C-alpha cells in the first residue's frame, strides 16, 4: 500500500465518504511513512522542488545572525538560546552559528541551540551539518515537546514553517460558508463542498464577515496551538517568523478569488494538490493578521513587520556587498555574494514576496534589535 491507497481507504471508511481538505493535506505532507516531508528525498535546492532564501547564499544566515546577536544583547538574555523550528537541512543554523562564532566568540561559548524537527530524515541532515559546532544542541520532534521540556530565554526562529501547516479550505457562497472536502471518484481524488466543521464555522463567523462572496480562503486553525506552545517555550526573548504571506485583508481580497494554495514539484508550480501525492510540496500564504492575533493572546507583542527586503536592508545586508575587480562570474566568490544580495532584496522576487514578523515577550517594546 502507498500513500494514495491509504488516503483512499480512509475516505471510503469514513461515514461521509469524504475527508476535510485539511486532513488530506496533513496526510499528503506528514504521513509518518509516505508523507512528503517525512520521506528520505531532497526537497530544497537544485535537486529538490523549490528554493528558499537560505539556499541562495550564506549571507542570508549571516545577516540573521547579526540580528540574533543584537537581540541577545538588547534583551539581556541570561543563557542565550537559539531555537529553530522546521530547519530543514540545518544549513541556515550552521551558517548562523559560523557567524556567531566569528563575530561574538564570548556569546557563542555560552549559547545553546534547540532544533525542532518532525522529519527523521531532516533531523539526520541537521546533525550532519551541525557537527562542526561543539556547543550544546538539543533536538525535539515537535514544538509541544520542546515547550514541555522547560522555558528558555532566547530567540525562536522559523523560515517557511507556518506555510507548511495543513489548512482548511472554505468558500463564501450566497447562502453562507462551505468547506472543501476530498472524496474519491473513478478519476481519482476530487473536491466536494459540505457545511464547515465546528472549529472552521467559529472562525469564519468571527473573522469572515468582510470576505467577499465567491472568494476561497485558506484557514490555518493550527496557529492558536502553535502560538501557545511558542509562548510556553519562550519565557523571555524574541520570535522571528519569515514566510510568504500578508495581512488578512490582502489575502482575503477579490484579486485572490481562488485562494493562495500552491504545489511545487521539481521547481514547477501549480494549484492541483491531487497530483504527485506525497511527492510534491503543498503550501499556502501565511495569514500574518492571525499570527499576530494569536501571539498577542499568548503574550507575544508585535515589534516589527516588514517585507524581507526592508528587514534585510535595515539589518545591514547591503553593507555585506564586496568590492572586487573580478571578471569571471563563474569563479568569483565576491560576484556570487553580490548577486545573492541583489536577489534577496529584489522586490519582484524573494524580497517582495516574503514577510518578516518579529514579536517579543518580556522585552521592552522599544527594544532596538537591529544591528547598529
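The table that follows gives values for the structure above.
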| item | result |
| --- | --- |
| In region 34-66, residue nearest to the chain's Cα centre (by Cα) [restricted to those that are modelled with pLDDT of 85 or more and under 17 Å from residue 276 (Cβ atoms)] | 37 |
| Some residue of region 250-260 being crowded, with 20+ Cβ neighbours inside 10 Å, touching a residue at least 24 places away in the same chain (Cβ under 8 Å), touching a strand residue (DSSP E or B) at 6+ places or on another chain (Cβ under 7 Å) and within 30 Å of residue 147 (Cα to Cα) | no |
| So residue 160, is it at pLDDT below 95 and either in contact with a strand residue (DSSP E or B) (Cβ under 9 Å, 6 or more places away or on another chain) or within 24 Å of residue 15 (Cβ to Cβ) (or both) | yes |
| 2 or more residues within 15 Å of the chain's Cα centre (by Cα), at pLDDT 95 or above and within 30 Å of residue 74 (Cβ to Cβ): qualifying helices (runs of 4 or more DSSP H) within region 220-305 | 223-233, 288-297 |
| In region 348-366, residue modelled with the highest pLDDT [restricted to those that are over 12 Å from residue 311 (Cα atoms) and surrounded by fewer than 17 Cβ atoms within 10 Å (Cβ to Cβ)] | 362 |
| Filter pass, residue 312 being outside any helix (DSSP H, G or I), surrounded by 16 or more Cβ atoms within 10 Å (Cβ to Cβ) and modelled with pLDDT of 75 or more | no |
| Output for region 175-219, where each listed residue is farther than 19 Å from residue 261 by Cβ, touching a residue at least 24 places away in the same chain (Cβ under 8 Å) and assigned to a strand (DSSP E or B) | 184 |
| Complete set of residues in region 97-133 that are in contact (Cβ under 8 Å) with a residue 40 or more places away in the chain, over 19 Å from residue 59 (Cβ atoms) and in a helix (DSSP H, G or I) | 120, 121, 122 |
| Where residue 147 falls short, out of the listed (1) over 30 Å from residue 69 (Cβ atoms); (2) surrounded by fewer than 21 Cβ atoms within 10 Å (Cβ to Cβ); (3) touching a residue at least 24 places away in the same chain (Cβ under 8 Å); (4) over 15 Å from the mean Cα position of the chain (by Cα) | (1) |
| Residue 77 more than 30 Å from residue 321 (Cβ to Cβ) and either buried (at least 20 other Cβ atoms within 10 Å of the Cβ) or in contact (Cβ under 8 Å) with a residue 12 or more places away in the chain (or both) | yes |
| Single condition residue 317 does not satisfy, out of (1) modelled with pLDDT under 95; (2) out of contact with any helix residue (DSSP H, G or I) (no Cβ under 9 Å at 6 or more places or on another chain) | (2) |
| Lone qualifier among 178, 94, 101 - being over 18 Å from residue 240 (Cα atoms), in contact with a helix residue (DSSP H, G or I) (Cβ under 6 Å, 6 or more places away or on another chain), surrounded by 16 or more Cβ atoms within 10 Å (Cβ to Cβ) and at pLDDT 95 or above | 101 |
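The values are calculated or read from the model by the stated rules, or taken from the named source; none is laboratory data. Keep in mind that this is a model prediction, so the values were computed, not measured. Every residue, glycine among them, receives a Cβ derived from its backbone with ideal geometry; neighbour counts consider all protein chains shown.
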